[in-house]
Every structure is written in C-alpha cells, then in structure tokens.
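Accompanying notes for the structure given below.
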Amino acid sequence: MEIYYNPRCSTCKVALSYLEKGTHDIHIREYLKEPPTQTELKGLIKKLGIKPEELVRKKEPIYQSTYAGKTLTDNEWIAAMVKNPILIQRPIVIEGNKAIIGRPAERVIEFEKGKK
C-alpha cells in the first residue's frame, strides 16, 4: 500500500496508524516533498473514480486566492495540483487499482480490511 501523507496533518497520522496495525507493507509518500507528476495524478484520479476538481482542498489559501469561483477543465485542475500539491486532498491510500481519500481516517480501516 501507498499513502499520500503530510506529517503535519492529524488525519494523515491517524490513517497511517490504522495502516500500521495491518499486515501490508506501507510506502509513505510525503507528496509535498515528492509531488506527483501529471501522469501519476491522472492515474490516481482514475483509481479514486472521481473528477479532478473533487480532489482539490478548497479550504487552502492558494485555492481561495487563485482558483475560487473559477471554472477549470479537468486538465487545468490536474495542472494546478501538480504545480501546488498542497491542493491535493489527504490522506490518500492506494493499493493496486484502487484508492480512497482517507477522510474521515476511519475509511482507511475498511479499505485495509478489504485488501486482506
């Protein structure tokens, strides 16, 4: 499993603690230090089964100052998240062809159980 993780995020910490109780190997990706490429982000969005805009954290100051009220295409949202990875929802847990946004963090428990 892989987790898109921000060490300053309490929800990420709780989600990671749930994963660590499981039996899977976990790769922690601090996505702010190692941002996804456009191709990786497109693949992640496909695994999540959502539209790119649904992955955007709309409470972030960069969203409020730059993107609020604007209509962007899917590719433009992806480009915005690649440029400003702080806009990406977190935590995200990935395994194989499936992924979830771990909000609330308890969603990770069910996802992890489903992979045993």
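Considering region 11-31, and only residues there that are of a type in the set (D, E, K, R) and closer than 17 Å to R107 by Cα, the residue that is surrounded by the most Cβ atoms within 10 Å (Cβ to Cβ) turns out to be K13. What pairs come up if the first residue lies in region 87-116 and is within 23 Å of Y63 (Cβ to Cβ), the second is part of a loop (DSSP other than H, G, I, E, B) and basic (K, R), and their beta carbons are under 6 Å apart, counting only those six or more places apart or on different chains? Taking only residues 6 or more apart or on different chains, the pairs are L87/R57; Q89/R57.
Screening I109 with (1) surrounded by fewer than 15 Cβ atoms within 10 Å (Cβ to Cβ); (2) touching a Lys or Arg at 6+ places or on another chain (Cβ under 9 Å); (3) not acidic (D, E) gives one miss only, at (1).
Looking across region 11-32, the residues that are farther than 19 Å from E112 by Cα and either of a type outside the set (D, E, K, R) or in contact with a helix residue (DSSP H, G or I) (Cβ under 9 Å, 6 or more places away or on another chain) (or both) come down to Y31, L32. Among the numbered conditions (1) at positive phi; (2) in a helix (DSSP H, G or I), the only one that E112 does not meet is (1). Filtered by the rule that a residue be part of a helix (DSSP H, G or I), over 17 Å from A79 (Cβ atoms) and among the basic types (K, R), region 17-63 gives a lone residue, K47. Only a single item in (1) over 12 Å from the mean Cα position of the chain (by Cα); (2) over 18 Å from A105 (Cα atoms); (3) of a type outside the set (A, V, I, L, M, F, W, C); (4) in a loop (DSSP other than H, G, I, E, B) is not met by R8, and it is number (2).
Restricting attention to region 63-82, which residues are surrounded by 15 or more Cβ atoms within 10 Å (Cβ to Cβ) and either among the aromatic types (F, W, Y) or within 20 Å of N6 (Cβ to Cβ) (or both)?
Once the filter is applied, which keeps residues that are surrounded by 15 or more Cβ atoms within 10 Å (Cβ to Cβ) and either among the aromatic types (F, W, Y) or within 20 Å of N6 (Cβ to Cβ) (or both), region 63-82 yields Y63, Y67, W77, I78, A80, M81, V82.
Tell me the residue from E60, E34, E95, E40 that is among the acidic types (D, E) and at pLDDT below 95, please. Among E60, E34, E95, E40, only E95 is among the acidic types (D, E) and at pLDDT below 95.
For region 32-46, does any single residue satisfy the condition of being over 15 Å from the mean Cα position of the chain (by Cα) and either surrounded by 14 or more Cβ atoms within 10 Å (Cβ to Cβ) or farther than 22 Å from A105 by Cα (or both)? Checking region 32-46: not a single residue is over 15 Å from the mean Cα position of the chain (by Cα) and either surrounded by 14 or more Cβ atoms within 10 Å (Cβ to Cβ) or farther than 22 Å from A105 by Cα (or both).
The values are calculated or read from the model by the stated rules, or taken from the named source; none is laboratory data. As the structure is a computational prediction, the values presented were derived from the model and not from experiment. Reconstructed Cβ throughout: ideal geometry from the backbone, glycine too, with neighbour counts over all protein chains shown.
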